[in-house]
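Report on the following structure.
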Amino acid sequence: MKKKLNVGLIGYGFMGRTHSNAYCKVNHFFDLDYEPVLKVICGLEEKDAKAFSEQWGYESYTTDWHKVIEDDNIDQVDICVPNNMHAEIAIAAAKAGKNIICEKPLALDGPQAKTMVDAVEKAGVPNFVSFNYRRVPAVTLAKMLIDEGRLGKIFHYRANFLQDWTISANVPQGGMATWRLDVKAAGSGVTGDLLAHCIDTAMWQNGQIGSVCAMTETFVKKRMHVETGKVEDVGIDDACTFLCRFDNGSLGNFESTRYARGHKALYTFEINGEKASIAWDLHDLHRLSYFDHADESIVRGWRSVHVTDGDMPYMDKWWVPGLQIGYEHTFVHQVADFLEGLAKGEPASPTFKEALATQYVCDAVLASAKDKEWKTVKKA
Ligand SMILES: NC(=O)c1ccc[n+]([C@@H]2O[C@H](COP(=O)([O-])OP(=O)(O)OC[C@H]3O[C@@H](n4cnc5c(N)ncnc54)[C@H](O)[C@@H]3O)[C@@H](O)[C@H]2O)c1
């Protein structure tokens, strides 16, 4: 008999769907001690919350997140709401003794994220942050190859996350559809939204970032605010580029923008080591590019590894070699790892504390851009 784990999920938007899908699928593909039960979905609009509960099989719905926290039947709170609400909900959930899964970025900034780390550590509750790209099998394979020493000493880490959806000055800020453009709801622009993913993956693969030098730009400086109806200053960074030094001596180069016409979600990274290099591209997420200098020179070149074999990360849980999986599976993988961690009493990564380290890098990046100088990153 599996142990039932009653889930209360807050936010039925984009991430509410990916997390619900993961809870629905995880026990079909992974052999786990725990079985999530979709107990309650919470969101702003009653009509939409009800429709979501019916579509995804939640037993009930509410528009008041406090009710999810106060419900003694709920074991796990899953936070899929805009960034400015993460801290209040997570701290309340920790005090109520719930397991917590929280979407990224953990908080609006480092000091707020620290209060969340303190709350979960004081309460001793399992906690996890949804930096899902770590669990693309090809990205996990890259980490394995690095850990096996196949790259040798790492010299360079470069990553991009490029989009193009805010180029028009007519896109408003604030409200439910465009909260990402409102600094009060989002905390920052591309730095917290997109680069946080790149930073999390990079530090997981290549160790901590020690110092940064950044520039940011806000190309459209005023936008209509959905809530006030007035044209207001834009407080987010539309684009951010930063250089950094990792603690292991390697150099980093990161870029993100929502103004790269033609790119919708071009997340790429390339890592160059003494013995080998690795490259990955979200648009071709089931492939890992690998160059091994040890290959015989007459056949040496970049290989495109199709990450579908059963001995590759997570792939024994899915279909047969040659058949690839996609984006939504990363959320299934993270729930599976979280539940496995619960059963073993070993926290799945990244915890709130690890996400705090990413938040501190984001803070240092924004401070560096503002002050036009290198900044040392605070240690989590
Ligand atoms: N891991 C990833 O790749 C990834 C991708 C997208 C978003 N995110 C993160 O997920 C979070 C949510 O983003 P999204 O794209 O799903 O947003 P969304 O706008 O699609 O959904 C937000 C949800 O929050 C709910 N909500 C807002 N205020 C609320 C309140 N006071 N009480 C209850 N519910 C409330 C809304 O009803 C809506 O269902 C953000 O932190 C975002 O950064 C992560």
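Let me make sure I get this right: for segment 64-223, a, b and c are the square roots of the gyration tensor eigenvalues over alpha carbons, sorted descending. Under 1.5 in a/c it's rounded, otherwise prolate if a/b > b/c, else oblate. Which is it? Oblate shape, in that a/c is at least 1.5 and b/c is the bigger or equal ratio.
Report the relative contact order of segment 240-380, percent, no decimals, based on alpha-carbon pairs under 8 angstrom and at least 6 residues apart. 10 percent. The magnitude of the dipole of segment 185-306, with charges of +1 and -1 set on the Cβ of Lys/Arg and Asp/Glu and taken from the Cα centre, is near 320 debye. Over all other residues within a Cβ to Cβ distance under 14 Å of I69, the charged ones net out to -3, with Lys and Arg as +1 and Asp and Glu as -1.
Using the Kyte-Doolittle scale, find the helices of the chain whose mean hydropathy is at least -1.0 and whose Cα atoms extend 27 Å or more along the helix's long axis, counting only whole DSSP H runs. Numbers along the way, then the final one.
On the way: long enough: 352-371 (28 Å, 0.28).
Span-like helices in the chain: 352-371.
Taking the chain as a Gaussian network, Cα atoms linked when under 10 Å apart, which of F331, F128, F30 shows the biggest mean-square fluctuation? Per the Cα network of the chain with a 10 Å cutoff, F30 tops the list.
From Cα pairs below 8 angstrom and at least 6 apart in sequence, can you work out the relative contact order of the chain, rounded to a whole percent? List each step's numbers first, then the result.
Numbers: 851 pairs, mean separation 74.1, N = 380.
Here the relative contact order equals 19 percent.
Comparing V37, V120, V305 in a Gaussian network model of the chain where C-alpha atoms under 10 Å apart are linked, the largest mean-square fluctuation is found at V305.
For a quick check, take a GNM of the chain with Cα springs below 10 Å and name the residue from L323, L342, L251 with the largest mean-square fluctuation. Between L323, L342, L251, it is L323 that shows the largest mean-square fluctuation. Three principal axis extents of segment 1-124 based on alpha-carbon atoms, in descending order, are 38, 35, 25 Å.
Across the options S289, H156, P105, the greatest Cα extent toward the positive end of the charge dipole of the chain (unit charges at beta carbon of Lys, Arg, Asp, Glu) belongs to H156. Straight-distance candidates among the lysines for linking to K221, with alpha-carbon spacing under 25 Å and chain neighbours fewer than 8 residues away dropped: K184, K230, K264, K370, K372.
If you take the square roots of the eigenvalues of the alpha-carbon gyration tensor of the chain and sort them as a ≥ b ≥ c, do you get rounded (a/c under 1.5), prolate (a/b over b/c) or oblate? Kindly include the intermediate steps, with their values, before the conclusion.
Details: a/c = 1.62, a/b = 1.14, b/c = 1.42.
Taking the square roots of the gyration eigenvalues as a ≥ b ≥ c, the chain is oblate.
Ordered from highest to lowest accessible area with the whole protein assembly present and a 1.4 Å probe, V299, V129 read as V299, V129. In whole Å, what is the distance between the alpha-carbon centres of segment 106-179 and segment 282-297? Distance between centres, Cα-based: 24 Å.
Scalar couplings 3J(HN,Hα) for segment 159-166, obtained by applying the Karplus form with A = 6.51, B = -1.76, C = 1.60 to θ = phi - 60°, are 9, 10, 9, 10, 9, 9, 8, 10 Hz; x denotes Gly and Pro. Taking θ as phi - 60° and the Karplus parameters 6.51, -1.76 and 1.60, the scalar couplings of segment 256-269 work out to 9, 7, 10, 10, 9, 3, x, 10, 9, 7, 8, 9, 9, 9 Hz in sequence order, x denoting glycine and proline.
Database remark: amide H of K275 closer than 5 angstrom to the amide H of G152, K153 (H placed geometrically; neighbours at sequence offset of 5 or more, or on other chains; Pro and chain starts carry no H). In this structure, the amide hydrogen of E232, modeled 1.01 Å from its nitrogen in the peptide plane, lies closer than 5 angstrom to those of R223, M224, H225, counting only residues at least 5 positions away or on a different chain.
Taking the DSSP beta bridges in the chain as the whole, what percent of them are antiparallel, to the nearest 5? Counting DSSP beta bridges with both partners in the chain, the antiparallel share is about 60 percent.
The values are calculated or read from the model by the stated rules, or taken from the named source; none is laboratory data. The shown structure was predicted, so the numbers you read here are calculated from the model rather than taken from an experiment. No Cβ is skipped: glycine too gets one built from the backbone with ideal geometry, and neighbour counts run over all protein chains shown. Please note that ligands, DNA and RNA were not included when accessible areas were found on the heavy atoms of the full protein model with its side chains. Shrake-Rupley method; radii C 1.70, N 1.55, O 1.52, S 1.80 Å.
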